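Here's the structure, in structure tokens; my notes come after.
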Amino acid sequence: MSDPNNKRRAALYGRVSTEMQAGEDHFSIEAQLAEMHEYCERKGYQVVGEFVDRGISGSQRSRPQLDNLMALASNRQFDVLIVHDLSRLSRTVYHTLDILQDLGKWNITFASVKDPDFDFTDPAKQFFLIILAAMNQYFLTQLRLHTAKSKNQRARVGLYNASVPPYGYARGEDPRQPFTINEEEARAVRFIYEQYATGRYSHQQIADLLAAAGFRPRPSPRRRGETPTVRQQFSKETVTDILKNPFYTGRVGYRIKHGKAKEIYEGRHEPLISLDLWERAQQAAQNRQQASRSAQAVYRPYLLSNLAYCDVCHRKLRSQHATGGGSYYRETSYQRGFADCPNQKSGVRTELVDRQIHAIVEMIELPADWQAEIGEQLVDTAEIENIERQRTRLQAEMRRMREMYRRGEYDDDVDEFHGIMKNLRRQLDQLPAERPDDSLYAVMQSIQSLRDIWADASADDQRDLFRLMFQEVVVDVANARVVSLKPDPVMLPIVRQMPLLRESDWGVFVPAWPPELAAQVLSVPYHPPLATLPEQTAALPFIAASPFQPSVTGARIAPQISQALERCESVNPQGWRVVQVTHPGAAPLPADLRKWPGARSELISPAQFAGLAPGSVDVLVTQYLFWDAALSDQPAALAEQIARVHQVLAPGGVWLIQEPLPANSQSHWIYLALPRLADWVQGRFVDAAALYRALQTAEFEIGFDYAAAYQPITAALARTLIADRAGLLARAPLDDTADLAARLPADPAAIIPSEFAFCTVWCCKAR
């Protein structure tokens, strides 16, 4: 006979949300507990406690008996938590995972009688648990919507949706008839509206006036039958509720959805106040709200709260509401003493980033056969046979051990016997079920409804759902765009099915916006698709079009050079010297300096730049300096290049940098065509963060303008650029071009999404 002290200790949890459920045979607490006890008997568990919450919704995280259960769990008073089905534990995804995370932290396992036996160490099974929890939340939401629709219908026909009449009214003998006016209470209601409409009193002051005038609220149920005391008086909250209730005007209001305005319908009851008095009271409320708005803290659910990171410094962005209006994701690391990010003190409006997130989630499209593919993985015949062999072996070993125990072979060491049996039971319990339960396939099918669940969810629910799917969202603050997303590993199977995301590295995804969506959701400049490259950029195939041309066609001087001269503090008796280092194949910026007396301009090649004397240049303009260096046979270190420029500049001189940033252009078409090229680019080319920090180290005063542009490209042009091996592609390792045809569209006219990043930087040398 086995020692019960060596059995796994099980705690049982049951819940019903309504008395109706408590009476249903299949839903009653007694039925739940009976099936859980039966389950524990089959598994060989020792039941150490029963915890039951009656009449409490599964959407609540805090419940008396669940709280007691979790307190015992934190002290490891049991080994496994048993529920009848997952919905009894919670009806929300966030709370379900929160509870299971705590249990996992305390090494307590979880089992559901009616749901599949999940192995929660398996990421695929964790994923299905999340979906099952999501469906429970979805069903709860649908139930609420159904209830809301029923109540809305009652309001439509003029009936009030509560059994207790509002203060000022009474229920008649026939409950089917409209409420009647209680004149004693009605006087207090009219007093509230008349005093508040003057605009002189707050809700609390109105409550004090009611007490002084001798008005008393309706006794609470716990004091029914008692004589009201002097201490009983209207609260500020009661006054607020009365002032907001249109029922007193003879109308019935009902709010279908949280956050939405009430629908107002004509009621079947007698009005207590006039519409004119109602309107004056509402205007008074509006005036007071406007006067105190600046002092009020308003709760706003931010979609990417604690998920958004800066793409330059990779620190977390803070969600904030601006005093002047509008919500932002801000880079605020300067408040903690950091000064190495060009986005410091900058922010991006939340709606510009959030609309990209909504577009990504709403475009989920799963292939028709995806359930079958996953099902095959879960129901692998060879794996099932292997599991069955292990189960047979463990059961046979347990029978052998019991026989040896009966023969007295462990009389001298009973503890050893129990230890071996405990280990065998643990191995047996850890084996997965022979095949997935039918309900598992129902859950898989429900994923198809994820877009609908998202569309119907509130802002809070969307935030919680997105947190379940993703761990990190990297945001280009300067250009208000999502650069990359990192999903929870459990969610990788579904994220890989999102058409707007492509995997740039394992577990990291970047948006690939088609032209029709890019124009709607992106704030960066949008250019029409390229079928041929302009001649001047033919040597720069990574960049679809040169961003460094003057904004005004035919301008005598580029605006960037004018700004550089305005910033220049160099004192040169011979006049300012403006030098442009030209790039082969790129047109120099126009620099007609007639409006700058004494200034002179010259063009030099990269080779001539090396011969410039120290302190000889007042304004230096470089285009593609770091680009050319990265593609050279022996690229110089970034610090060396910056030190050389610092030497050449005169004190107070200005360096104007114009550079493409391929390392920041994660959504460029070339990474779609040649995925392994990304690592080579990251290691060879400068990025915005490295450039900014290096310039700071060199003690330049910096003005950093980091920008991105969207310009898709045809599949035919992409293939031509790769075949020509120009510019970057001439140096890059293109050993994976054999698979190019499979990654790029077969149609030559097909449009491939593409973005590119670049920067314009003004660097001022100290005098």
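Of the residues in the range 646-660, none is surrounded by fewer than 18 Cβ atoms within 10 Å (Cβ to Cβ) and of a type in the set (D, E, K, R). Screening residue 669 with (1) touching a residue at least 40 places away in the same chain (Cβ under 8 Å); (2) in contact with a Phe, Trp or Tyr (Cβ under 8 Å, 6 or more places away or on another chain) gives one miss only, at (2). For residues in the range 23-48 being polar (S, T, N, Q) and under 21 Å from residue 79 (Cβ atoms), which is modelled with the lowest pLDDT? Restricting to residues being polar (S, T, N, Q) and under 21 Å from residue 79 (Cβ atoms), the top hit is 32.
Taking the condition of being closer than 28 Å to residue 573 by Cβ and not acidic (Asp, Glu), how many residues in the range 611-653 meet it? Residues flagged as closer than 28 Å to residue 573 by Cβ and not acidic (Asp, Glu) within the range 611-653 amount to 23.
Checked against (1) of a type in the set (A, V, I, L, M, F, W, C); (2) modelled with pLDDT under 80; (3) touching an Asp or Glu at 6+ places or on another chain (Cβ under 6 Å), residue 113 passes all but condition (2).
Exactly one residue among 520, 445 is in a helix (DSSP H, G or I), modelled with pLDDT of 75 or more, of a type outside the set (D, E, K, R) and at negative phi, and that residue is 520. Whether any residue in the range 174-189 is at pLDDT 70 or above, outside any helix (DSSP H, G or I) and within 30 Å of residue 287 (Cβ to Cβ) is what I want to check. Yes, the range 174-189 contains a residue that is at pLDDT 70 or above, outside any helix (DSSP H, G or I) and within 30 Å of residue 287 (Cβ to Cβ). Kindly provide the set of residues from the range 571-629 that are loosely packed, with under 15 Cβ neighbours inside 10 Å, in a helix (DSSP H, G or I) and aliphatic (A, V, I, L, M), ordered by number. Within the range 571-629, 607 is the sole residue that qualifies.
Can you confirm whether residue 402 is part of a helix (DSSP H, G or I) and either surrounded by fewer than 16 Cβ atoms within 10 Å (Cβ to Cβ) or modelled with pLDDT of 80 or more (or both)? Taking the combined requirement at face value, the residue satisfies it. Candidates in the range 244-300 are the residues that are under 23 Å from residue 180 (Cβ atoms) and aromatic (Phe, Trp, Tyr); of these, the one that is modelled with the lowest pLDDT is 254.
Please verify whether residue 644 is at pLDDT below 90 and on the phi < 0 side of the Ramachandran plot, treating the condition exactly as stated. Judged against the criteria, residue 644 is not a match.
When 726, 718, 746 are checked against the criterion of being assigned to a loop (DSSP other than H, G, I, E, B), at pLDDT below 90 and buried (at least 17 other Cβ atoms within 10 Å of the Cβ), 726 stands alone in meeting it. Does residue 424 count as under 28 Å from residue 81 (Cβ atoms), modelled with pLDDT of 80 or more and within 46 Å of the chain's Cα centre (by Cα)? Taking the combined requirement at face value, the residue satisfies it.
Across the range 474-517, which residue is surrounded by the most Cβ atoms within 10 Å (Cβ to Cβ) among those that are assigned to a loop (DSSP other than H, G, I, E, B) and hydrophobic (A, V, I, L, M, F, W, C)?
Only one residue fits best here, namely 477.
The values are calculated or read from the model by the stated rules, or taken from the named source; none is laboratory data. Source: prediction; values computed, not measured. Heads up, the Cβs are rebuilt from the backbone with ideal geometry, glycines too, and the neighbour counts pull from every protein chain shown.
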